[in-house]
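Asks: Dropping the structure in here first, questions after.
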Amino acid sequence: MTATHGANPLRDAADRRLPRIAGPSGLVIFGVTGDLSRKKLMPAVYDLANRGLLPPGFSLVGYARREWQDEDFAQEVHDAVKAHARTPFREEVWQQLIQGMRFVPGDFDDDQAFENLKSTIEDLDKVQGTGGNFAFYLSVPPKFFPKVVKQLKKHGLADQKDGWRRAVIEKPFGHDLTSAQELNKVVHEVFPSNEVFRIDHYLGKETVQNILALRFANTLFEPVWNRSYVDHVQITMAEDIGIGGRAGYYDGIGAARDVIQNHLLQLLALTAMEEPASFDADALAAEKTKVLGAVRLPHDLGKDTVFGQYTAGWQGGEKAVGYLEEDGIDPKSNTDTYAAVKVEIDNRRWAGVPFYLRTGKRLGRRVTEIAVVFQRAPHSPFDHTATEELGHNALVIRVQPDEGVTMRFGSKVPGTAMEVRDVSMDFAYGESFTESSPEAYERLLLDVLLGDSNLFPRTEEVELSWKILDPIERHWDKRGKPAQYESGTWGPVEADEMLARHGRSWRRP
Ligand code: BG6
């Protein structure tokens, strides 16, 4: 390989191996008293500090309506870290982190509170050396996004002049195409697009990034990754939990908006896209955008989509109530807690190959996987009675739990007859690597502080995903009642029938 423009490839390679450490900076969390903040964000900040990936003066500012002092906030973070951090608690790391912790009480209309936030940041710049670099994490219900962003502008907090200012936005990014476009407009009036980070935490998962490694760092898979060899693809995100205490968020949103619009369509994009020219944000976004733009919905949405709602049943040996009996849910609600959708991709690689996406709450067990199911061998020289039950070859990327990859293929059964049976070959992260994977939020928060936007969906991706989902949601609205399934099962029979009509069946992961 020849070096170009005087670049030294050896030095570049060495640089890439250096740990990625954030420069002087701080993080402001709006909605700091919420579940996400306690279970994911605060622990992720601590884990990054513990791994030495945050600058010494890193600062964490909480903003919420509670009348807390800095000490109360620090105690809250302490409890969250003790309960949910991935890495062991170390007093010296904590003592350093606590130096930069501040709390600003206020609601989103409160101009004085935003002025207080401004002076808190200026003070941190002086005492902690944060250099004016702050990320604002909007862990708040989406209806507040525009308000918070406008307040940041009004109070000069989004000015890029004294350092960088970034907006980190949690999903759901809108509830349909129109609302997402409106939101994008408001956000881009305040922050330049390269300073806006939309979180899809699935992209922060190691196994999701491994889709790209598997496909593009090997020669084995790519030659068969197309319509000539693949029969269909199944992308499953099954959860065993119900909606927990999230009735207010979930009812009216439903499974498809909650996770198909973002997580599952991102998994589809990574599985189906063409090889990007490089692993940089622009190149990745270009390929993902192309493939999302080529997604085609089925002609008959009635037959090739299913929406369902869980009824009472048993989960993990315990009785589970139905969705309509959950606290805070409208007893007449038609919200989907299960969704299955067939799509196709209109390009030369995938023409005619169905991609089946399904997700649901209160299903048999928690599992997220992508199964690439291959066509049967065109001819078998073996006795057909022994082999007719054979499944298809499949490559299964297990996103979680039991992270890894499984390949399924036929093998001869020991004995004198030529009998062939399906077997599996397994790669498990836990067995091949000694270090445990960082949590998705750890990876993504660090990327925000580094300004690395590879793993964040762009405006176009978010809007294209809504374009895919909107007609489905409209169709379901017209239909009214969702299909029912008992808690602890694998979803409504209608979803099984949908695949059976195509001569296929869902995998039982
Ligand atoms: C979130 C959804 O994005 O992902 C939740 O809003 C869901 O409804 C969660 O439970 C699942 O995340 P994970 O990482 O546990 O698969």
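Asks: Six or more apart or on different chains, Cβ under 9 Å: which pairs go from a residue in the stretch 477-490 that's modelled with pLDDT under 95 to one that's among the small types (Gly, Ala, Ser)? Could you list them?
Replies: Sorted first by the residue in the stretch 477-490, then by its partner, the pairs are 479/302.
Asks: Give the residue that is nearest to the chain's Cα centre (by Cα), with candidates limited to residues of the stretch 436-458 that are surrounded by fewer than 20 Cβ atoms within 10 Å (Cβ to Cβ) and hydroxyl-bearing (Ser, Thr, Tyr).
Replies: Selected residue: 437.
Asks: List the pairs whose first member sits in the stretch 240-260 and is closer than 10 Å to residue 361 by Cβ and of a type in the set (A, V, I, L, M), whose second member is modelled with pLDDT under 95 and within 9 Å of the ligand (Cβ to nearest atom), and whose Cβ atoms are under 8 Å apart, counting only residues at least 6 apart or on separate chains?
Replies: 243/250
Asks: Given the structure, is residue 502 assigned to a helix (DSSP H, G or I) and either of a type outside the set (Val, Ile, Thr) or out of contact with any Leu (no Cβ under 7 Å at 6 or more places or on another chain) (or both)?
Replies: So residue 502 fails the test.
Asks: Name the one entry in 166, 246 that is more than 30 Å from residue 391 (Cβ to Cβ), basic (Lys, Arg) and crowded, with 18+ Cβ neighbours inside 10 Å.
Replies: Answer to the selection: 166.
Asks: Let me ask another. I'd like to know if the stretch 257-275 contains one or more residues that are within 16 Å of the ligand (Cβ to nearest atom), among the small types (Gly, Ala, Ser) and in contact with a strand residue (DSSP E or B) (Cβ under 6 Å, 6 or more places away or on another chain).
Replies: Looking for residues that are within 16 Å of the ligand (Cβ to nearest atom), among the small types (Gly, Ala, Ser) and in contact with a strand residue (DSSP E or B) (Cβ under 6 Å, 6 or more places away or on another chain), one finds none in the stretch 257-275, hence no.
Asks: Just to be sure before I move on: is residue 142 under 16 Å from residue 459 (Cβ atoms), in contact (Cβ under 8 Å) with a residue 60 or more places away in the chain and buried (at least 17 other Cβ atoms within 10 Å of the Cβ) in the structure I sent?
Replies: So residue 142 fails the test.
Asks: Where in the stretch 306-419 are there strands (runs of 3 or more DSSP E), lying fully within it, with 2 or more residues that are among the hydrophobic types (A, V, I, L, M, F, W, C)?
Replies: Once the strands (runs of 3 or more DSSP E) in the stretch 306-419 are filtered for at least 2 residues that are among the hydrophobic types (A, V, I, L, M, F, W, C), what remains is 338-345, 355-360, 367-374, 394-400, 404-412.
Asks: So which of 196, 186 ends up being more than 16 Å from the ligand (Cβ to nearest atom) and out of contact with any strand residue (DSSP E or B) (no Cβ under 6 Å at 6 or more places or on another chain)?
Replies: So the residue among 196, 186 that is more than 16 Å from the ligand (Cβ to nearest atom) and out of contact with any strand residue (DSSP E or B) (no Cβ under 6 Å at 6 or more places or on another chain) is 186.
Asks: Please state which one of 252, 245 is in a loop (DSSP other than H, G, I, E, B), on the phi < 0 side of the Ramachandran plot and within 16 Å of the ligand (Cβ to nearest atom).
Replies: Matching residue, one of 252, 245: 245.
Asks: OK, next. Answer with yes or no whether residue 302 is in contact (Cβ under 8 Å) with a residue 40 or more places away in the chain and either within 12 Å of the ligand (Cβ to nearest atom) or outside any loop (DSSP other than H, G, I, E, B) (or both).
Replies: Spelling it out, residue 302 is indeed in contact (Cβ under 8 Å) with a residue 40 or more places away in the chain and either within 12 Å of the ligand (Cβ to nearest atom) or outside any loop (DSSP other than H, G, I, E, B) (or both).
Asks: Looking at (1) within 24 Å of residue 238 (Cβ to Cβ); (2) touching a residue at least 40 places away in the same chain (Cβ under 8 Å); (3) surrounded by fewer than 13 Cβ atoms within 10 Å (Cβ to Cβ), which one does residue 352 not meet, given that it meets all the others?
Replies: Failing condition for residue 352: (1).
Asks: Name the pairs: first residue in the stretch 89-110 and in a loop (DSSP other than H, G, I, E, B), second residue among the basic types (Lys, Arg), Cβ to Cβ under 8 Å, at least 6 apart or on different chains?
Replies: Pairs found: 89/82; 106/65; 107/65; 108/147; 109/147.
Asks: May I pose another question? Test each condition in (1) acidic (Asp, Glu); (2) away from the ligand (no atom under 16 Å from the Cβ); (3) under 30 Å from residue 196 (Cβ atoms) for residue 318 and report the one that comes out false.
Replies: Result: residue 318 fails condition (3) only.
The values are calculated or read from the model by the stated rules, or taken from the named source; none is laboratory data. Not measured: the values here are computed from a predicted model. Ideal geometry is used to build each Cβ from the backbone, glycine not excepted, and the neighbour counts take in all protein chains shown.
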